[in-house]
Amino acid sequence: MSRTVSIAALLLAATPAPLIAGPPGGLTVERSQPDRLRVRWTSPHPVDVYMADRPDAAIEAARLVSADDRDGVYETTVPPRGHPYFFVRDHRDGAGLWAAERLIPLERGSNFRDVGGYPAAGGKHVRWGMIYRSAATPLLGGGDLETIGRLGLTDMVDLRSSEERQLAPTRIGGVAYHAVGYSIRDILSTDEADDISWADIYRRMPEQLAPQMRLLFRLLLAHQGPLAYNCSAGQDRTGFATALILTALGVPRDAILADYHLSTRYRRPAFEMPKFDPAAFPDNAAARLFSPADEEEKPHPLLEPDGTPFLSHAIDEIERRYGSLDNYLEKRIGIDARAREALRARYLD
């Protein structure tokens, strides 16, 4: 029996956990305690719950952990950094859903999460365990590196400036590392972050990050294996990149924005930048912009005072200049209709 996936996911920023709709409906996987995961769903029929270590496991290789389950919830103990995948199958017609905890459990990481499960083109859904987005990773511990090692990453794309990468080099090894050098000044056009608005920063992204986007999509098309990409906070440049990837896969705009806003929940700024003495980096523009990590710092919602998502400024700029995100992908990034179909064949179930 081949792995049959029927997942529909729409994350709402105001809800406490991602929602995955479909038969059985409302499937979620969330951490109830450091060593326990709770799976929830809704179904008028009994279901079987399977658990697997891999997102591409056949049902025959998964372990049946709860049979003829009728109460809509299953809870299990896992290692604190365990990241299993669950398949919930309806007794009525055998239709089932795969799902996992979206956030990868790291002790000293920030905003490292799977973008799988979203509804996409042709009634399909983004595959779990293939595309990851993250904040910077300079402070990962040994256990964190083991957790990430189990993801099987083959490529990492670092969207940060050369200065940021000097201050906070990644700790993830054994993975092909890719980056395009540029200065933080290219984004800010100033030495003082307060002199530029978030709207200005986002409006510049489509052109300033085009080389990075071409690199990222080239690697996605090569499809060597699971891929991760990051910036410093994992929300702005990474959020822009995710919006383009999910657009190419046919994910609805509301799901794209909902995923974008999850960064406010999942960021842990204290682990995104190591403490450093700015005087030790006199020629590094980022050292004058990034304060040493403050453990009390809290992420802020990615919204203008009127509720407009910052990401909307980048999307609006693209639509003003190119007419649509698909046109931008084709004309600026080189992802035409044929390339989009190739991506969907690789990353949708």
Can you list residue pairs whose Cβ atoms sit under 9 Å apart, with the first residue in the range 243-270 being more than 19 Å from residue 328 (Cα to Cα) and open to solvent by less than 40 Å² (accessible area, probe 1.4 Å) and the second being of a type in the set (Asp, Glu) and modelled with pLDDT under 95? Count only pairs 6 or more apart in sequence or on different chains.
269/294; 269/295; 269/297; 270/294; 270/295; 270/296; 270/297
If the requirement is being aliphatic (A, V, I, L, M) and part of a loop (DSSP other than H, G, I, E, B), which of these qualifies: 140, 97?
140
For the range 101-112, what are the residues that are in contact with a His (Cβ under 9 Å, 6 or more places away or on another chain) and buried (at least 22 other Cβ atoms within 10 Å of the Cβ)?
101, 104
Taking the stated definitions as given, is residue 319 surrounded by fewer than 17 Cβ atoms within 10 Å (Cβ to Cβ) and assigned to a helix (DSSP H, G or I)?
yes
Conditions (1) closer than 24 Å to residue 173 by Cα; (2) surrounded by 20 or more Cβ atoms within 10 Å (Cβ to Cβ): number failed by residue 218:
(2)
Looking at the range 144-155, I want the residues that are within 19 Å of residue 220 (Cβ to Cβ) and have a partner that is among the aliphatic types (A, V, I, L, M) and in a helix (DSSP H, G or I) with Cβ atoms under 7 Å, at least 6 apart or on another chain. Which pairs are those?
155/219
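The values are calculated or read from the model by the stated rules, or taken from the named source; none is laboratory data. Since we're looking at a predicted model, the values are computed, not measured. Backbone-built Cβ (ideal geometry, glycine too); neighbour counts: all protein chains shown. Ligands, DNA and RNA are excluded from the accessible area calculation, which covers all protein heavy atoms including side chains. Shrake-Rupley method; radii C 1.70, N 1.55, O 1.52, S 1.80 Å.
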